[in-house]
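Visitor: Please find one structure pasted underneath; my questions will follow.
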Amino acid sequence: MKMSRRELLASTLAAGTLASAGFGEAQAQATPKKGGTLVATWGGFEPQALFVPAGGGSSPYFTSTKVLERLLKLDNKLVFQPVLALEVTPAADFRSYTIKLRPDVKWHDGRDFTADDVVFNALEYWKPISSGGALAGLTSAEAVDKLTVKFSFKDPTPEFFLKSVLAGKAGLVIPKHVYEGSNIITNPANNALVGTGPYKVKQWVRGSHVELARNEAYWAPGLPYLDQLVIRWWRDPASRSAALEAGQLDIGVFNPIPAPDLKRLEATKRFAVTTDGYLSSAWISTIEFNSRRPVVSRPEVRQALLHAIDRDFIADTIFFGRAKPSIGFIPASNPLFSNPKAPQYPFDPKKAGKLLDAAGFPVKGGSRFKVNLVAAGWFEENVKLGQYVKQALEDVDVTVDLAIPDRATSLKRIYSDYEYDIAISNNSGAIELIPGWTNFVTTSGIVKGAAFRNANGYSNPTLDGIVSNLTTEVDEKKRAGLAHEFVRIAATDLPITGLVDIQSVTIARSDVRNHSNLADYLGESWSDVWLDR
Amino acid sequence: MLKIVGRRLAQVAPLVLGVIVLNFSLIQLAPGSFLDVMSAEQQITDPAMLDQLRVTYGMDQPAHVQLLKYIWSVLQFDFGYSYRQNASVAEVIMAHLPATVLLMVTSIGVALFIGVAAGIVAAVKVNTIWDNLVSVFAVFFFAAPTFWLGIMLTILFSVKLGIFPVGGMREVGVTEGPIAAAFDVMRHLALPAITLGLFYAAIYARVMRASMLEVFRLDFVRTARAKGLAPTTIVLSHVLRNALLPVMTLLGLQLGTVLGGSVVVEAVFSWPGIGSLMLDSVQSRNFPVVLGVLVLSSLVVACVNVVVDLAYFKLDPRIRAR
């Protein structure tokens, strides 16, 4: 890219468009129609609360983001677009950032949205609660005037990193006047949200749906197009297919229906299936080797075992083609930081056997050694994945003791007790690697009892150094270089790596227009989606 | 009779205490804790934050202290607070209770009606094509998995014929008057109630048939026939009433489980009942909600037992004499 991200952001601002990339562009050509009720769902269950301040997973993220907004959003071309902030500008030394806020934005209760709200969020909410340590270097946040905020950092802070935090899961802006002086995590307002977003909470019928009504005082003139957005939950994927066919559901995000149904419904031409809208929320299935266990702590054993696993089979058979073999720990869909040149371990059981012989594990009495394999049972696919990996390893004469515990037990075994040799789990994350992805392999990522971090005990000072540089390097090119080196080391030592990149899909009726146009569409505000009816 | 009622109700206190202690221990024994699930879901990785949550959830105290505290608060009719839903347990349960009670009572009603009727037909026309048909249907609906039956009914009646909605309890995004709303709920209730009802009806039909056949052989029926009563009168007022006792026992057992709901039917029809709440709470080790539902259930079981006992007296005065 010739333009810097800042210039790109500025140019899109000057154009002042709502145009979006790729899939969205083609759809947006027709003149949007106003009105109507859109019924939406996602491939999971009802949230425990409409908004869970510390995160809470995809379901509360899906509901809360229609009501609460962020300062920025990331589009399908990986360009940050303004939402509540008009500009986010770094100082020359990248140790401070000036944020210009959008004027005339009102909270749903009629109060003005101001710089004080952002300062409160940065210091009281994002840094301590939601960002998971990403903003640890933030030393101060102050309101320069009513619509300008200045963030100061201990170290130089890369622009893409900060904007990713602001546009990411952690960056929802909550009203200071509602949350100040209370425990944010248990505030009753979490189930009766006050936001700045295009929709207001009208009614939540527990166990069924939440009705979101158009915010008449929304800051973007003419938006949202819909009168009403209803988010409904079905616990059963086959019921979601039936609801689509019966016309009672308009759009489902994040793999709402069984894979075989996707083809059938798409063939009717009444529905459109897309994989857009997941660029910055890529999911992978991971395999992890416990460095505390002597046999699987050796990289040559890990490499050999990976040669025994057929990732194409996993993608085609277990995921019905809705996944691609991974090329490393970072999903291949990440255009900035994934590294296709990192070492690969193609399926070759013979080579696996030879490598294991060479590593000093010949077959003795029918077996080379025994491993405990734990497949985290929160996804149906993980059950099959665990069974497949067991078979694949047994084919190279490794004895496998497989356990597929339920969610709570899996979390405990993998992330609290480290009670496994090989674990199959998942990770999902944004384009930015810090801190979500890097926490899986850095020494500082080892926190007993904290899920989705370094559970394998891997500790490599070289890699820690690269990650630390990645945190403070402000030149985007040099950052990409560091990231590639990070991926290469991880792919050589293999504390953890991807088995397959899961391809998330959205299915919508053909008359739902202008959706899936941002890099994490499930968690965007949906202000510009409209119904062609 | 009052003595019986009193004795039954006196059993409630130890029953509830037992339910609490047993289930609390079971949840404690299950690997993984509420804190693990919540912190994983919220992706909390900061150790200080983890400690803060442990204190918030009351999990910094030893298990027996947690248990005593819980029992003390239940004695004051306080079922505690669910941090998962960010609401009091009573509130969470009440939000799901009406839907569950409606679904279960309706489906048991459907089951009782269809099952008893089918059982009578099978017994009266024993060893005919009618009897065989009832047996075949009973076996079919008993053996068919409810989720499969539910999906098949949905595809037929909702997708193909468009008569009933696909799941839910109310039409979403519509404001309507009380009569229209009641009608709307009935439309949504039909398929889940039939799915669940047919499953139960199969059991009722089998029990009813067996019980009727047994009563048919008794002397007083022969006497009734001999004195020239019409066959309908014999079946309805002599045989049916005496054959109903086993069905009453079954009904009592089933009414006791009303609060448990049906996880499967609720999932297929996205019925906003307690079954899914229980499933989620067990999976997330959210013991205040699990215990809240179980304590309420044990109260219901105790009350239903009293009612069933009273019904026995009504149906068969000999029981009272003993």
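Visitor: A:I507 - would you say it is over 21 Å from A:F160 (Cα atoms) and under 21 Å from the mean Cα position of the chain (by Cα)?
Guide: Taking the combined requirement at face value, the residue satisfies it.
Visitor: Of the residues A:K66, A:K77, only one is farther than 30 Å from B:Y83 by Cβ, assigned to a loop (DSSP other than H, G, I, E, B) and of a type in the set (K, R); which?
Guide: The unique qualifying residue is A:K77.
Visitor: Hey, can you tell me all the residues within segment A:328-347 that are over 30 Å from A:D475 (Cβ atoms) and open to solvent by 60 Å² or more (accessible area, probe 1.4 Å)?
Guide: Once the filter is applied, which keeps residues that are over 30 Å from A:D475 (Cβ atoms) and open to solvent by 60 Å² or more (accessible area, probe 1.4 Å), segment A:328-347 yields A:P346, A:F347.
Visitor: Quick one: which of B:I194, B:I234 is of a type in the set (A, V, I, L, M) and either closer than 30 Å to A:A242 by Cα or in contact with a Ser or Thr (Cβ under 9 Å, 6 or more places away or on another chain) (or both)?
Guide: Only one candidate passes the filter, namely B:I194.
Visitor: Quick one: is B:G252 touching a residue at least 40 places away in the same chain (Cβ under 8 Å), within 12 Å of chain A (Cβ to nearest Cβ) and in contact with a helix residue (DSSP H, G or I) (Cβ under 9 Å, 6 or more places away or on another chain)?
Guide: no
Visitor: How many residues does segment B:80-103 contain that are farther than 15 Å from A:A189 by Cα and at the interface with chain A (Cβ under 7 Å from one of its Cβ atoms)?
Guide: Total meeting the criteria: 3.
Visitor: Can I ask one more? Would you confirm whether or not segment B:287-297 contains a residue that is in contact with a helix residue (DSSP H, G or I) (Cβ under 7 Å, 6 or more places away or on another chain), more than 10 Å from chain A (Cβ to nearest Cβ), of a type in the set (S, T, N, Q) and open to solvent by less than 40 Å² (accessible area, probe 1.4 Å)?
Guide: yes
Yes or no, residue by residue, for (1) in contact with a strand residue (DSSP E or B) (Cβ under 8 Å, 6 or more places away or on another chain); (2) among the hydrophobic types (A, V, I, L, M, F, W, C); (3) over 27 Å from A:A483 (Cβ atoms):
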residue	(1), (2), (3)
A:L411	no, yes, yes
A:Y415	no, no, no
A:I422	yes, yes, no
A:P435	no, no, no
A:T438	no, no, no
A:G445	no, no, no
A:G449	no, no, yes
A:R453	no, no, no
A:Y458	yes, no, no
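Visitor: Right, here's the next one. Of the residues that make up segment A:486-501, is at least one part of a helix (DSSP H, G or I), under 21 Å from A:A30 (Cβ atoms) and either touching a Gly at 6+ places or on another chain (Cβ under 9 Å) or open to solvent by 30 Å² or more (accessible area, probe 1.4 Å) (or both)?
Guide: no
Visitor: Oh, and also: Under 19 Å from B:S262 (Cβ atoms), open to solvent by 20 Å² or more (accessible area, probe 1.4 Å) and part of a helix (DSSP H, G or I): is that true of B:L153 in this structure?
Guide: It is true that B:L153 is under 19 Å from B:S262 (Cβ atoms), open to solvent by 20 Å² or more (accessible area, probe 1.4 Å) and part of a helix (DSSP H, G or I).
Visitor: Considering only segment B:240-267, how many residues are surrounded by 24 or more Cβ atoms within 10 Å (Cβ to Cβ) and farther than 22 Å from B:I93 by Cβ?
Guide: Within segment B:240-267, residues that are surrounded by 24 or more Cβ atoms within 10 Å (Cβ to Cβ) and farther than 22 Å from B:I93 by Cβ number 1.
Visitor: Evaluate the following for B:V126: is it of a type outside the set (G, A, S), open to solvent by less than 80 Å² (accessible area, probe 1.4 Å), more than 10 Å from chain A (Cβ to nearest Cβ) and not in a helix (DSSP H, G or I)?
Guide: Here the answer is yes, as B:V126 does meet what is asked.
Visitor: Is it fair to say A:R302 is open to solvent by 50 Å² or more (accessible area, probe 1.4 Å) and touching a residue at least 24 places away in the same chain (Cβ under 8 Å)?
Guide: no
Visitor: For segment B:22-37, enumerate the residues that are open to solvent by less than 60 Å² (accessible area, probe 1.4 Å), of a type in the set (A, V, I, L, M, F, W, C) and either touching a Leu at 6+ places or on another chain (Cβ under 6 Å) or in a helix (DSSP H, G or I) (or both).
Guide: B:F24, B:I27, B:F34, B:L35, B:V37, listed by residue number.
Visitor: If you check B:V92, B:V116, B:V65, which single one turns out to be more than 30 Å from A:Q48 (Cβ to Cβ) and of a type in the set (V, I, T)?
Guide: Answer to the check: B:V116.
Visitor: Within segment B:38-66, can you find the residues that are open to solvent by less than 30 Å² (accessible area, probe 1.4 Å) and assigned to a helix (DSSP H, G or I)?
Guide: Selection gives B:M38, B:S39, B:A40, B:M49, B:L50, B:L53, B:Q66.
Visitor: Residues that are within 21 Å of A:F45 (Cα to Cα) and within 12 Å of chain B (Cβ to nearest Cβ), at least 3 per element: which strands (runs of 3 or more DSSP E) completely within segment A:223-276 meet that?
Guide: It comes to A:228-232.
Visitor: Right, another one. Restricting to segment B:173-187, name every residue that is among the β-branched types (V, I, T) and under 26 Å from the mean Cα position of the chain (by Cα).
Guide: Scanning segment B:173-187 gives a single hit, B:V185.
Visitor: Here's something else I'd like to know. Look at A:T31 and say whether it is among the hydroxyl-bearing types (S, T, Y) and surrounded by 20 or more Cβ atoms within 10 Å (Cβ to Cβ).
Guide: Answer is no for this residue.
Visitor: Please identify the pairs in which a residue from segment B:143-170 that is on the phi > 0 side of the Ramachandran plot has its Cβ atom under 9 Å from the Cβ atom of a residue that is open to solvent by 50 Å² or more (accessible area, probe 1.4 Å) and at pLDDT 85 or above, counting only partners at least 6 apart or on another chain.
Guide: B:G167/A:Q248; B:G168/A:Q248
Visitor: Looking at (1) within 14 Å of chain B (Cβ to nearest Cβ); (2) surrounded by 15 or more Cβ atoms within 10 Å (Cβ to Cβ); (3) not acidic (D, E), which is the only condition A:P175 fails?
Guide: Exception for A:P175: condition (1).
Visitor: Also, quick follow-up: Does B:F164 count as in a loop (DSSP other than H, G, I, E, B), within 14 Å of chain A (Cβ to nearest Cβ) and surrounded by 14 or more Cβ atoms within 10 Å (Cβ to Cβ)?
Guide: yes
Visitor: Looking only at segment A:406-427, how many residues end up being within 10 Å of another protein chain (Cβ to nearest Cβ) and either hydroxyl-bearing (S, T, Y) or open to solvent by 20 Å² or more (accessible area, probe 1.4 Å) (or both)?
Guide: Total satisfying the criteria: 10.
Visitor: Here is a follow-up. Only one of (1) part of a loop (DSSP other than H, G, I, E, B); (2) modelled with pLDDT under 90 fails for A:W219. Which number is that?
Guide: For A:W219, the failing item is (2).
Visitor: Checking the conditions here, which among A:G56, A:G137, A:G110, A:G44 is at positive phi and either open to solvent by less than 30 Å² (accessible area, probe 1.4 Å) or assigned by TED's automatic domain parsing to the domain that holds A:A430 (or both)?
Guide: Within the list A:G56, A:G137, A:G110, A:G44, the selection yields A:G56.
Visitor: Related question: Condition first: closer than 26 Å to A:N439 by Cβ, open to solvent by 10 Å² or more (accessible area, probe 1.4 Å) and outside any loop (DSSP other than H, G, I, E, B). Now tell me which residues in segment A:305-322 satisfy that.
Guide: Across segment A:305-322, the qualifying residue is only A:R311.
Visitor: Could you run through segment A:166-195 and say how many residues are more than 22 Å from A:Y97 (Cβ to Cβ) and not in a loop (DSSP other than H, G, I, E, B)?
Guide: Residues that pass the stated criteria total 10.
Visitor: I want to confirm something. Restricting to segment B:269-283 and keeping residues that are within 7 Å of chain A (Cβ to nearest Cβ) and hydroxyl-bearing (S, T, Y), which single residue is farthest from the chain's Cα centre (by Cα)?
Guide: Checking each candidate, the answer is B:S270.
The values are calculated or read from the model by the stated rules, or taken from the named source; none is laboratory data. Note that the coordinates shown come from a computational prediction; the quantities given were computed from them, not determined experimentally. Please note: Cβ atoms are built from the backbone with ideal geometry, for glycine as well, and neighbour counts cover all protein chains shown. With ligands, DNA and RNA removed, areas are computed over all heavy atoms of the protein, side chains included. Shrake-Rupley method; radii C 1.70, N 1.55, O 1.52, S 1.80 Å.
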